[in-house]
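Below is one structure, written out as structure tokens; comments come after it.
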Amino acid sequence: MASRIPSFLLDRPLPGVFKQERGKVNIPFIEEGINHLAGVIKKEYVQWELSSQNGFLQKIDARIKVLFLLFFVIIVSLKRSLLPELYIGFFVFVLVLLSRLRMGMFYKRVFFLGFFFGFLVAFPAAFNVITKGEIIGPLIKLSRPLNFWIYHIPADIGITREGIYGVARLTMRVINSLSLSFLVLYTTPFPEIVRALKVLKVPDTFLIILSLCYKYIFIFSKTVEDMHLAKKSRMVREASNTEAREWIAGRMAFIFRKSRLRCEEVFNAMIGRGFSDTIKLYSIRKMRPKDWYVGILFLFIGVLFLLI
Amino acid sequence: MIKLERVSYAYHDKFPAVSDVSLEINRGDKVAIIGANGCGKSTLLQIMGGLRYPSKGRFLFGGAEVSERSLREKGFLKLFRKSVGYVFQDSDIQLFSPTVLDELLYGPLQLDIGEEEAMARTLEVMQMLNIEHLKDRPSHMLSGGEKKKVAIGSILTMNPQVLLLDEPTNGLDPKTQSFLMELIFTLNEAGKTLIIGTHDLSLVEELQTNVAVLSEEHRLERMGEAKEILRDEDLLLKVNLIHEHIHRHDQVTHKHIHSHYLFHRH
């Protein structure tokens, strides 16, 4: 071996002698973004797994919570005025408080997603081009109304009272649905949710896919993070966006190949442990009186919201 | 050359991986970081590889602090990455180029070494590692041992002065393991600084390295020579690298300290 060692490996550069180069290295946005996303997924996963067990909702049976979620999401979608949506929002806020969730983190996520999937999606409806009504914020004045195919564009374009109301209502609906979903997710460990869905007769195939996806997301984000570190260890200079894209394309192929292999291995491992086609669960705990009381209370409050 | 000053690191700000570790490694040293699973060996190596940054404390390389900020400076990044090579435990993660040849060429080309010299380096390293016949093969069509050789080769072509090896013998057959040992010896004799993260005590015994022992509380429990550390059964028992077990010899049942490599004394 010693005789075959390449001569360049025997070179010993002087310590600390290096060519001074000015300037900073920028990591390509696409690469940094993917690594960041993987980090966020992993962090969320860990936080979910470790969700506090001492709050009000944490002590309630998962079946009650899943039914509560379904019932209240339906109520949120049925309400046609803003006030009941605000009441529901306040009710969820109280539950978040009682469940001792981290308020800042919780609402940061809810409002972030609510802004994109609620407000931004609905915002065009605020204009009189889409929602007719009384203009409260005139923006553009055309010389004459325009007619294009089935569309009619009025001469005065602006924000209408009815439009604003509609946008606010839709945004509140999205925010309420999101906060209800996060509330149940953050107070219920994942296996409990699967168990509750099984009891509620959700098909086994769906549950198997859900469970495997849940585990795989974590493995996937860990692989992405490791790949980023491996690239970083050999990154000597700034990589261009083209190089970053090429690297990502290559790594996507790698992940695809690895996922396929893992899929086969996991399936074989399941078969090896006697899997047929149904999920068998160990003793599902009995509902306690407390669970029933809370279930009835939620039902009562839900009906109240339906009536107002 | 490498200095860790009271370095700590925690994952997700929740799970400590390295706690208050201070360590100094000189040029040409051969050091093994040993400890049970989950004690923080890989994290410590990744900190020394400039891949993770300490949550507390400082990591100095050649007297200069290595941080996210300093590694954004072009000159320092080049010096550091050229000087320190990291061989990952999972070779699959490390190999990302289309073929073995591209993989070995990647580093030198990054360092702006001329194409001719880069190719000459690559061919020499392939010859040394006995992987010339694999040069046009994609990395996913290699065996575990071949992948490990290519991963090491991809670092050697950059001619780093410090080599960080994370569990280098894991999952390798005995022949590849002994090849790797010989390679580690040769590289160290050639003046390279070698830092190996492992829980394989036979590797430590064979390489006769300096040893840093990490406890399950992620602290540096002791630093010393291999002979001295491996003789200290109480220490190895404390950090869970050896264990007590009960077994039978004919009609006699007895209990003794046991490691799969070093201790099986009665």
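The values are calculated or read from the model by the stated rules, or taken from the named source; none is laboratory data. Given the structure is predicted, the values throughout are model-derived calculations rather than measurements. Reconstructed Cβ throughout: ideal geometry from the backbone, glycine too, with neighbour counts over all protein chains shown. When the accessible area is computed, the model is the full protein with side chains, heavy atoms only, and any ligands, DNA or RNA have been set aside. Shrake-Rupley method; radii C 1.70, N 1.55, O 1.52, S 1.80 Å.
Run the accessible area of the range A:189-308 with a 1.4 Å probe and give the carbon-and-sulfur part as a rounded percent.
C and S fraction of accessible area: 70 percent.
Angle check, please: helix A:29-49 long axis (alpha carbons) against the longest principal axis of chain A (alpha carbons), in degrees 0 to 90, nearest 10.
60
Quick one: angle between helix B:115-129 and the longest Cα principal axis of chain B, in degrees between 0 and 90, rounded to 10, please.
Helix B:115-129 and the main axis of chain B meet at about 30 degrees.
What ratio of Cα Rg to 2.2 N^0.38 Å holds for the range A:233-277? List each step's numbers first, then the result.
Working: Rg = 17.6 Å, N = 45, 2.2 N^0.38 = 9.3 Å.
In units of the globular-protein estimate, the range A:233-277 measures up at 1.88.
Counting residues in chain B as N, plug N into 2.2 N^0.38 Å and put the Cα Rg over that result.
Details: Rg = 19.6 Å, N = 266, 2.2 N^0.38 = 18.4 Å.
Chain B yields a ratio of 1.07.
Measure of size requested: the Rg and Dmax of the range A:163-308, with Cα atoms as the atom set and Å as the unit; please supply both.
When restricted to the Cα atoms of the range A:163-308, Rg and Dmax are 22.8, 66 Å.
Pull out a ≥ b ≥ c, the square roots of the eigenvalues of the alpha-carbon gyration tensor of chain A, then state rounded if a/c is under 1.5, prolate if not and a/b is larger than b/c, and oblate in the remaining case. Mind showing how you got there, number by number?
On the way: a/c = 2.39, a/b = 1.28, b/c = 1.86.
In terms of gyration-tensor shape, oblate.
What does the range B:61-139 give for Rg and for Dmax, in Å, if only its C-alpha atoms count?
Looking at the range B:61-139, its Cα Rg and Dmax stand at 14.6, 42 Å.
If the convex hull of the alpha-carbon atoms of the range A:138-224 is projected onto planes in all directions, what is the mean projected area in square nanometres?
11.6
So which lysines can B:K175 reach, going by Cα to Cα under 17 Å and dropping same-chain residues fewer than 8 places off?
By straight Cα distance, B:K175 reaches B:K147, B:K148, B:K149.
Check which residues have an amide H placed less than 5 Å from B:I242's amide H, if you skip close sequence neighbours.
Here B:L237 satisfy the definition.
Have a look at B:V7, B:L45, B:L164 and report the one farthest towards the positive end of the charge dipole of the protein assembly as shown, computed about the Cα centre with Cβ charges (Lys/Arg +1, Asp/Glu -1).
With unit charges placed on the Cβ atoms, the residue in question is B:V7.
In straight Cα distance, which lysines are under 24 Å from B:K227, not counting same-chain residues fewer than 8 positions off?
B:K3, B:K30, B:K41, B:K192, B:K238
Please state, as a whole number in µm²/s, the translational diffusion coefficient that the Stokes-Einstein equation yields for the range B:1-97 at 25 °C and 0.890 mPa s, with Rh defined as the Kirkwood radius across alpha carbon pairs.
Using the Kirkwood radius from Cα pairs, D works out to 172 µm²/s.
Quick one: if you take sqrt(5λ) for each eigenvalue of the C-alpha gyration tensor of the range A:38-163, what semi-axes come out, biggest first, whole angstrom?
Semi-axes (√(5λ), whole Å): 42, 18, 13.
Please list the non-local residues whose amide H lies under 5 Å from the amide H of B:Y86, H modeled 1.01 Å from N, same-chain partners needing a gap of 5 or more.
Hits under the 5 Å cutoff: B:L164.
Using +1 at the Cβ of each Lys and Arg and -1 at the Cβ of each Asp and Glu in the protein assembly as shown, identify which of A:M105, A:L210, A:S77 lies farthest towards the dipole's positive end.
So the residue furthest toward the plus end is A:S77.
Hey, what's the Kirkwood Rh for the protein assembly as shown if you take every pair of different alpha carbons, in angstrom?
Result for the protein assembly as shown stands at 28.5 Å.
What accessible area, summed over both chains, is buried at the B-A interface (1.4 Å probe, Å², nearest 100)?
4800
Taking a probe of 1.4 Å, how large is the accessible area per residue of the protein assembly as shown, in Å²? Before the final figure, lay out each step's value.
Working: 29980 Å² over 574 residues.
The answer is 52 Å² per residue.
Which value in nm describes the separation of the simple spin-label points at A:R102 and B:E217, placed 7 Å from the Cα toward the beta carbon?
Distance between the two pseudo-spin positions: 2.6 nm.
In the range A:74-168, which chymotrypsin sites (Phe, Trp or Tyr not before Pro) are in a loop and have at most 14 other Cβ atoms within 10 Å, using DSSP for the loop call?
Qualifying residues, ordered by number: A:W149.
Going Cα to Cα from A:K141, which lysines come in below 19 Å? Please leave out same-chain ones fewer than 8 positions away.
A:K132
What is the total of Lys pairs in the range A:157-308 with C-alpha atoms under 26 Å apart, excluding same-chain pairs fewer than 8 positions apart?
Number of lysine pairs found: 16.
At each listed q (0.15, 0.22, 0.26, 0.27 Å⁻¹), what is the log10 of I(q)/I(0) that the Debye formula gives for the range A:204-244 modelled as equal alpha-carbon point scatterers?
-0.54, -0.74, -0.86, -0.89
Can you give the angle from 0 to 90° between the axis of helix A:204-233 and the longest principal axis of chain A, with both taken from C-alpha atoms, to the nearest 10?
Here the helix axis deviates by roughly 40 degrees.
Apply 1/(1 + (r/R0)^6) to the Cβ-Cβ distance of B:R231 and A:F123, taking R0 = 60 Å, and write down the FRET efficiency to the nearest 0.05.
E between B:R231 and A:F123, to the nearest 0.05, is 0.25.
Which value in deg cm²/dmol, rounded to the nearest 500, describes the helix-derived mean residue ellipticity at 222 nm for the protein assembly as shown, given -39,500 (n - 2.57) per DSSP H run of n ≥ 4 and division by the residue count?
-16000 deg cm²/dmol
Could you pull out every residue, at least 5 positions away or on a different chain, whose amide H is within less than 5 Å of the one on A:G133? Hs are placed 1.01 Å off N in the peptide plane, and Pro or chain starts have none.
The list, which skips near neighbours in sequence, is empty: none.
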